[in-house]
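Working notes for the structure below.
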Amino acid sequence: MQVPYLEFDNVSKSFPGVKALQNVSFKCYEGKVHALMGENGAGKSTLLKILSGNYLPTEGKLSVGGRQLVFRNTKEALLAGVAIIYQELNIVPEMTVAENLCLGQLPHSFGIVNKAELIERTQKYLDKLDLNISPDTPLKELSIGQWQMIEIAKALSRGAKIIAFDEPTSSLSAPEIEKLFSVINELRDEGKVILYVSHRMEEIFRISDEITVLKDGQFVETFSDLSKITNDDLVRSMVGRNLGDIYHYRPREVGDTRLKITHLSGQKLKGDFSLTVRAGEVLGLFGLVGAGRSELLKVIFGADPSVSGTIELDGKTISVRSPKEAIEQGIVLCPEDRKKEGIIPTATVGENINISARRSHNFLKFIINEKWEKKNAEQQRQQMNVKTPSIQQLIVNLSGGNQQKAILGRWLSEDIKVLLLDEPTRGIDVGAKSEIYDLIFKLADQKLAIIVVSSDLPEVIGVSDRIMVMRSHQITGVIERADATEEKVLKLAMVESKAA
Amino acid sequence: MTSTTQEKSAGSFSKIWNAYGMLLIFAVIFVCSCLFIPNFATVVNMKGLGLAISMSGIVACGMLFCLAAGEIDLSVASVIACAGVVTAVVINMTQSVSVGILAGLGLGIAVGLINGFVIAKLKINSLITTLATMQIARGLGYIISDGKAVGITKEEFFELGYQDIFGVPLPIVFTIICIAIFGFLLSKTTYGRNTLAIGGNQEASRLAGINVDRTKLIIFVVSGFVSALAGVILAARMTSGQPMTSVGFELVAISACVLGGVSLNGGVAKISFIIAGVLILGTIENAMNLLNISPFAQYVVRGLILLIAVIFDKYKQKFIKS
């Protein structure tokens, strides 16, 4: 029998008021990819933070290579050969590939960096990962996928034995994902211990050898033979119920044209866009990273200045020069990057909900109406099923899914006509995803025009009435729901359309 | 379960500590001073203490909003001096106290407008912008006054500095009114909430429909205005406009805010923070004067207090997290 290299033994972690992990035990082996699954708030991130030395477990131990230990800080974890490739990469964009790779361990003599050795050492790891990048390139000139590769190279250069990936594919394009998988496979064959955290089922089945499921901070089960289980088994294990079709799509009646865009372009939006969305219609916007989807939404929302073109709402041309003007006319956007563009981290859940709609409820336009604020925040919290001990809780203490629901609550406090959703379910667990889909359909029933941007193919096909596909700031095709298949959509998004 | 109730009470304790901890520390310092420092707990000394902190109290109100929005205003001390000089010169010129005061306050608003416009509209870093206007305003003060103190000839003006209301000197009354108004603005109005939101996450605030540029412009105009107000009051107390006064006072205002618990990263601020910060700084300075500690040593003590306060604050947050 093989001896486990990494073992979690009855690991628990409590925060004031929350038990993030309770008696979690499982084993990971050399030369195997061990996937970690669970809904948001299941404890995956906490587990990774214990592994990386960011958190000290309240109880329990880790054992690495047969030694029982607990990492008191990140340095101890590094020394023990643990490397975590985070969703948000720890890079310095202004510095070169080589400098980033050797960050903290720059080869030097008496404090002066030895450039030749730096380049040589970097090249070695770039070659190993088969990366065709010059060590002198500043990182800001590379793509997110390449940044991730550099992070992996960094982990290898530090002699990492255990490499954990936290949602590594969430912002990668399809070819980048392929590249990542081939690298992971190589690392596995070299006998590394790989931990892989992701929400994407297809990936999990493709890449992993074993799957451990967590739920509400507790260990559920470890699947060691993946040939015997299906998607549904996994979902059932994660949510404790069989979700079946998580989209619950049903046809609905669509009304007149609600949003009409003609020849729109912006400073960051290169092409020339025309599209219409009717009242009660859900338009899916699919494209790979860099296709210009977020840029398009931002111009419609007034967040990036438009250069040319017109926007019509219910037949009237409107001017949208700022998000404020857009919101006042009933156009709202849930941004892609919740942390950077969505939440106010220093504020409470209630404050995050009320921040926009309060303007129409104030006394004398500027004095807060506390009674309305409390009522509205409570109402949105219930309606959106935001899981929080109270609306007074700081929003950063909630899981990603609940933050997203709070932001949706912010917009449902308004009288809206057009809802723009940019990757509404990124990094969100299956349960919360399903709630958000239900909400989309409910709002469509209320005759809103909805645009959903997503890189998740099944999602786009599952929620949309029509799918518009974009590639490098151009619309490459529009597909009706009835005709939509994953192949068709992907083809439009990827393949260079040849001029006939 | 007992563990959860314990956790709950621990949570509410940290909440209370966050809001009032520094006021508690002030109370301890104050009581100790009363008990152990001769002549501290006298009416005369209390008035002196009140007058000494009235300036930092007013200026800290404006600074609070700058810091809450994640910005900083270094020009406040120069505005104090320049507004005093302008008030003195205009009073002497027109023989009208009210025109002089208006001119002084107008100067503050003008500097604030320039700061706000450059920072909000032209997107220049506030540290650099106000570092520049700080020198410009200081220089203007010297130019207008010809480098000398400008004695004021209208004696009614001095009442602003010495008049009492029920035994409370006017500058202290102004400070209390300022703190009340700014406390209300910060917690009960969209202006205050938007300021905090911008400090917490500027881009998210913009995408939530907040007019970030306008809010920032107002913040700096208000900061300029209250600094000028402090300058006018100071001129009344000194019976002259002095271009060299209050050098380094911006650091006192920032220290008071940070000491009270205002985050330099923005987004976290309460009016109780500056009340505590201003009172602690003022009381310690007063105590040191009564104890005849040399002014040179006082600098060291002030610096140490600020350093200890921020380290303590950082440590406290870590302690609560783990």
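The values are calculated or read from the model by the stated rules, or taken from the named source; none is laboratory data. The structure presented is a predicted model; accordingly, all values stated were derived computationally and were not measured. Every residue, glycine among them, receives a Cβ derived from its backbone with ideal geometry; neighbour counts consider all protein chains shown. Heavy atoms of the whole protein, side chains included, go into the accessibility calculation; ligands, DNA and RNA do not. Shrake-Rupley method; radii C 1.70, N 1.55, O 1.52, S 1.80 Å.
From the list B:Lys15, B:Lys47, pick out the single residue that is more than 30 Å from B:Lys188 (Cα to Cα) and either of a type in the set (D, E, K, R) or within 14 Å of another protein chain (Cβ to nearest Cβ) (or both).
Numbers: B:Lys15 fails: more than 30 Å from B:Lys188 (Cα to Cα).
Only one candidate qualifies: B:Lys47.
Quick one: is B:Ile72 of a type in the set (A, V, I, L, M, F, W, C) and in a loop (DSSP other than H, G, I, E, B)?
yes
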Among strands (runs of 3 or more DSSP E) lying entirely in region A:277-347, which contain 2 or more residues that are open to solvent by less than 40 Å² (accessible area, probe 1.4 Å)? A:282-286, A:306-313, A:331-334
Boolean, B:Val310 is farther than 29 Å from B:Ala180 by Cβ and either small (Gly, Ala, Ser) or away from chain A (no Cβ under 14 Å) (or both): no
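What strands (runs of 3 or more DSSP E), lying completely within region A:1-98, carry at least 3 residues that are more than 22 Å from A:Arg158 (Cβ to Cβ) and within 14 Å of chain B (Cβ to nearest Cβ)? Don't jump to the end; show me each part of the working.
Working: elements: A:6-15, A:18-28, A:32-37, A:59-64, A:67-69, A:82-85.
Where strands (runs of 3 or more DSSP E) fall fully within region A:1-98 and carry at least 3 residues being more than 22 Å from A:Arg158 (Cβ to Cβ) and within 14 Å of chain B (Cβ to nearest Cβ), they are A:6-15, A:18-28.
Does A:Thr74 qualify as being β-branched (Val, Ile, Thr) and closer than 25 Å to A:Gly431 by Cα? If you could, list the steps in order and put the result at the bottom.
On the way: β-branched (Val, Ile, Thr): yes; closer than 25 Å to A:Gly431 by Cα: no.
The answer is no for A:Thr74.
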Only one of A:Pro175, A:Pro168 is surrounded by fewer than 20 Cβ atoms within 10 Å (Cβ to Cβ), within 27 Å of the chain's Cα centre (by Cα) and either more than 25 Å from A:Lys49 (Cβ to Cβ) or not charged (D, E, K, R) (or both); which? A:Pro175
Got at least one residue in region A:250-266 being open to solvent by 60 Å² or more (accessible area, probe 1.4 Å) and in contact with a helix residue (DSSP H, G or I) (Cβ under 6 Å, 6 or more places away or on another chain)? no
Is there a residue being out of contact with any helix residue (DSSP H, G or I) (no Cβ under 8 Å at 6 or more places or on another chain), at pLDDT 90 or above and in a helix (DSSP H, G or I) anywhere in region A:215-232? no
Of all residues in region B:62-116, which are closer than 18 Å to B:Gly141 by Cβ and either touching a Cys at 6+ places or on another chain (Cβ under 7 Å) or of a type in the set (Lys, Arg) (or both)? B:Asp73, B:Leu107
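Table: residues versus (1) more than 22 Å from B:Phe40 (Cβ to Cβ); (2) open to solvent by 90 Å² or more (accessible area, probe 1.4 Å).
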residue: B:Ala236; (1), (2): yes, no
residue: B:Ala256; (1), (2): no, no
residue: B:Gly261; (1), (2): yes, no
residue: B:Leu264; (1), (2): yes, yes
residue: B:Lys270; (1), (2): yes, yes
residue: B:Gly277; (1), (2): no, no
residue: B:Leu281; (1), (2): no, no
residue: B:Ile284; (1), (2): no, no
residue: B:Phe312; (1), (2): yes, no
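Can A:Leu408 be described as in a helix (DSSP H, G or I) and touching a Gly at 6+ places or on another chain (Cβ under 9 Å)? Spell out the reasoning first.
Numbers: in a helix (DSSP H, G or I): yes; touching a Gly at 6+ places or on another chain (Cβ under 9 Å): no.
For A:Leu408, the condition - in a helix (DSSP H, G or I) and touching a Gly at 6+ places or on another chain (Cβ under 9 Å) - is not met.
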Collect the residues in region B:84-139 that are free of Cβ contacts under 8 Å to residues at least 24 places away in the same chain and buried (at least 21 other Cβ atoms within 10 Å of the Cβ), keeping them in residue-number order. B:Val90, B:Ala103, B:Thr129
Failed item, numbered, when A:Gln105 is tested on (1) polar (S, T, N, Q); (2) closer than 18 Å to A:Gln148 by Cβ; (3) open to solvent by 50 Å² or more (accessible area, probe 1.4 Å): (2)
Going by what's in this entry, would B:Ser246 be described as touching a residue at least 24 places away in the same chain (Cβ under 8 Å) and in contact with a Cys (Cβ under 7 Å, 6 or more places away or on another chain)? no
Sole residue being within 13 Å of chain B (Cβ to nearest Cβ), within 21 Å of the chain's Cα centre (by Cα) and within 24 Å of A:Ile440 (Cβ to Cβ), chosen from A:Ile355, A:Ile407: A:Ile407
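Just one of A:Leu333, A:Leu288, A:Leu283, A:Leu313 is touching a Lys or Arg at 6+ places or on another chain (Cβ under 9 Å) and within 12 Å of chain B (Cβ to nearest Cβ); which is it?
Details: A:Leu288 fails: within 12 Å of chain B (Cβ to nearest Cβ); A:Leu283 fails: within 12 Å of chain B (Cβ to nearest Cβ); A:Leu313 fails: within 12 Å of chain B (Cβ to nearest Cβ).
Of the residues listed, the single one that is touching a Lys or Arg at 6+ places or on another chain (Cβ under 9 Å) and within 12 Å of chain B (Cβ to nearest Cβ) is A:Leu333.
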What number goes with the only condition from (1) within 11 Å of chain B (Cβ to nearest Cβ); (2) open to solvent by 10 Å² or more (accessible area, probe 1.4 Å); (3) part of a loop (DSSP other than H, G, I, E, B) that A:Val396 does not pass? (3)
From the list B:Gly21, B:Gly100, B:Gly57, pick out the single residue that is touching a Ser or Thr at 6+ places or on another chain (Cβ under 8 Å) and under 22 Å from B:Ser272 (Cα atoms). B:Gly57
Just one of (1) modelled with pLDDT under 95; (2) at the interface with chain B (Cβ under 9 Å from one of its Cβ atoms); (3) surrounded by 22 or more Cβ atoms within 10 Å (Cβ to Cβ) trips up A:Phe366, so point out which. (3)
Residue that is surrounded by the fewest Cβ atoms within 10 Å (Cβ to Cβ), among those in region A:447-484 that are of a type in the set (S, T, N, Q) and in contact (Cβ under 8 Å) with a residue 24 or more places away in the chain: A:Ser472
Scope region A:402-418; condition open to solvent by less than 10 Å² (accessible area, probe 1.4 Å) and farther than 16 Å from B:Ser205 by Cα; matching residues: A:Lys405, A:Val418
Being open to solvent by 30 Å² or more (accessible area, probe 1.4 Å) and closer than 15 Å to A:Glu414 by Cα is the filter; apply it to region A:379-393 and report the residue that is modelled with the lowest pLDDT. A:Gln383
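Just for region A:110-161: of the residues that are assigned to a helix (DSSP H, G or I) and among the small types (Gly, Ala, Ser), which one is modelled with the lowest pLDDT?
In this case the residue turns out to be A:Gly145.
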Tell me which of these A:Leu51 doesn't satisfy, since it passes every other one: (1) of a type outside the set (Asp, Glu); (2) touching a strand residue (DSSP E or B) at 6+ places or on another chain (Cβ under 7 Å); (3) within 30 Å of A:Phe205 (Cβ to Cβ); (4) open to solvent by 20 Å² or more (accessible area, probe 1.4 Å). (4)
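So, A:Lys371, is that one part of a helix (DSSP H, G or I) and open to solvent by 30 Å² or more (accessible area, probe 1.4 Å) or not?
On the way: part of a helix (DSSP H, G or I): yes; open to solvent by 30 Å² or more (accessible area, probe 1.4 Å): yes.
Spelling it out, A:Lys371 is indeed part of a helix (DSSP H, G or I) and open to solvent by 30 Å² or more (accessible area, probe 1.4 Å).
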